[in-house]
Amino acid sequence: MITRIAFLGLLLIPTLTYASPSRMKIAADNEPGQRIVITGHVFGVDGKPRSLVMYAYHTDAQGLYNRDAKGVARLHGTLVSGADGFYEIDTIKPAPYPNRNIPAHIHVHLRWDGKDQEEEIRFEGKGASICHLIENRCTVDFRLRRN
């Protein structure tokens, strides 16, 4: 029989492992695929750093979401960007959808004040949200739009 203190300790282990609310680990260390870390900042329409909720999800190394019964992608996570707008995502590089001509990407929802701005972190092309990996790391900043 497990004691209440031991049970609470088990609940806290993931929190202590990744203690900062501005960081999320989407893919476990044993998830197949190329490990990557994406960092960046979120800025408001005024250009100032913004703290908000960021939800992200993506495919696995085969390009599949493997959604659960509720339709939630297996590889997903949520964080709150720091007061300076900083965020960090530790995951794997997603694969493109099989048999489709859509480049690999990570879906990102920026949520604040009842608003939801959809973004993508892409691994090909040009633009502000392109992840150019250097030694498995990249930086992608987001700017909120007027809604």
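The values are calculated or read from the model by the stated rules, or taken from the named source; none is laboratory data. All values derive from a computational prediction rather than experimental measurement. Backbone-built Cβ (ideal geometry, glycine too); neighbour counts: all protein chains shown. Just so you know, the surface numbers come from the protein's heavy atoms only, side chains and all, with ligands and any DNA or RNA stripped out. Shrake-Rupley method; radii C 1.70, N 1.55, O 1.52, S 1.80 Å.
Across the chain, where is the longest run that never hits GluC sites (Glu not before Pro) in a DSSP loop with at most 13 other C-beta atoms within 10 Å? Don't skip to the end; give the middle numbers.
On the way: sites that count: GLU124, GLU135.
Excluding the exposed sites themselves, the longest stretch runs over 1-123.
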A 1.4 Å probe over the protein heavy atoms gives the chain a carbon and sulfur accessible-area percentage of 54
With only helices counted (DSSP H, runs n ≥ 4, each -39500 (n - 2.57)), the per-residue ellipticity at 222 nm for the chain, to the nearest 500, works out to -3000 deg cm²/dmol
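Averaged per residue, what accessible area in Å² does the stretch 32-88 show with a 1.4 Å probe, protein chains only? Could the numbers behind the result be given before it?
Working: 2700 Å² over 57 residues.
Ligands and nucleic acids excluded, the figure is 47 Å² per residue.
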Against the 2.2 N^0.38 Å rule of thumb, the C-alpha Rg of the stretch 43-130 sits at a ratio of 1.17
Looks like the chain, by Cα gyration tensor root eigenvalues a ≥ b ≥ c and the a/c under 1.5 rounded cutoff (else prolate when a/b is bigger than b/c, oblate otherwise), is oblate
For the stretch 27-147, whose charge dipole is built from +1 on Lys and Arg Cβ atoms and -1 on Asp and Glu Cβ atoms, the candidate among GLY77, ALA104, GLN34 with its Cα farthest towards the positive end is ALA104
